[in-house]
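I have placed the structure first, in the form of structure tokens, so that the comments after it can refer back to it.
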Amino acid sequence: DVLGHDVALRLFRPGDVPQSGDEEWVTIQQLAGALNIFAAVRLQEGEPACDVLEIRLPLSETRCVLLVEDNVDAIGLVERYLERSGEFHLVAVRDPGDALKHAVALRPACILLDVMMPEHDGWELLGLFKANPETAHIPVVISSVIRGHDLARALGAAGVLPKPYSAAQLIETLRSVTVQSASPSASPSTD
């Protein structure tokens, strides 16, 4: 279960099992207690009663940005910019052929997409992301030296970030598109 900013994992054990004889249960309780991440309760609702150990783990407070970029120096720059922000963390994919697989697995808050890459360019990948039901909702920001604002918007990009850009421009753009995508009443921008 997701509870506010925590994920709760509930472990159930029949209440008629003596706790002293269940070494694994005791060990789990001790470990969770030492980490201060649990609340143990006894449920009496059903027959038989059972013990429940609830372990709460905080969700990451940073949002994942998937960067699809073949240039190692550009990846390093974006990583430094995002580390300083404290709001986002970066997962970089250098091989454009792996981008869709990573987007489906990670479900990032945003995809930052270069255009000029070998084998598959950013325009092709943008089309793949928007055509796939598992990634269509993820905002994509095109980042390139190529000026293609109109084309990017027409293909479904949530934003365009021309290279070179500053840390402030990157963070502002990511904030903008992730807030828009999180809002249930968000409508596409017309700028």
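The values are calculated or read from the model by the stated rules, or taken from the named source; none is laboratory data. Everything numeric here is computed off the predicted structure, so don't read it as measured data. As a convention, Cβ positions derive from the backbone with ideal geometry for all residues, glycine included, and neighbour counts pool all protein chains shown. Keep in mind that these areas ignore ligands, DNA and RNA; they rest on the heavy atoms of the full protein, side chains included. Shrake-Rupley method; radii C 1.70, N 1.55, O 1.52, S 1.80 Å.
Here is how the numbers come out for the structure above:
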{"quantity": "Counted residues, the range 125-154 - those being assigned to a loop (DSSP other than H, G, I, E, B), open to solvent by 30 Å² or more (accessible area, probe 1.4 Å) and of a type in the set (Gly, Ala, Ser)", "calculated": "1"}
{"quantity": "Some residue of the range 166-184 being part of a loop (DSSP other than H, G, I, E, B), modelled with pLDDT of 90 or more, touching a Leu at 6+ places or on another chain (Cβ under 7 Å) and open to solvent by less than 30 Å² (accessible area, probe 1.4 Å)", "calculated": "no"}
{"quantity": "Among residues of the range 81-115, those that are in contact with a helix residue (DSSP H, G or I) (Cβ under 9 Å, 6 or more places away or on another chain) and either part of a loop (DSSP other than H, G, I, E, B) or open to solvent by less than 30 Å² (accessible area, probe 1.4 Å) (or both), counted", "calculated": "16"}
{"quantity": "Verdict on Pro118 being surrounded by 21 or more Cβ atoms within 10 Å (Cβ to Cβ) and touching a residue at least 40 places away in the same chain (Cβ under 8 Å)", "calculated": "no"}
{"quantity": "Which numbered condition Ala40 misses (of (1) modelled with pLDDT under 90; (2) open to solvent by less than 80 Å² (accessible area, probe 1.4 Å); (3) touching a His at 6+ places or on another chain (Cβ under 7 Å))", "calculated": "(3)"}
{"quantity": "Residue check, Val140 under 22 Å from Gly76 (Cβ atoms) and touching a Leu at 6+ places or on another chain (Cβ under 7 Å)", "calculated": "yes"}
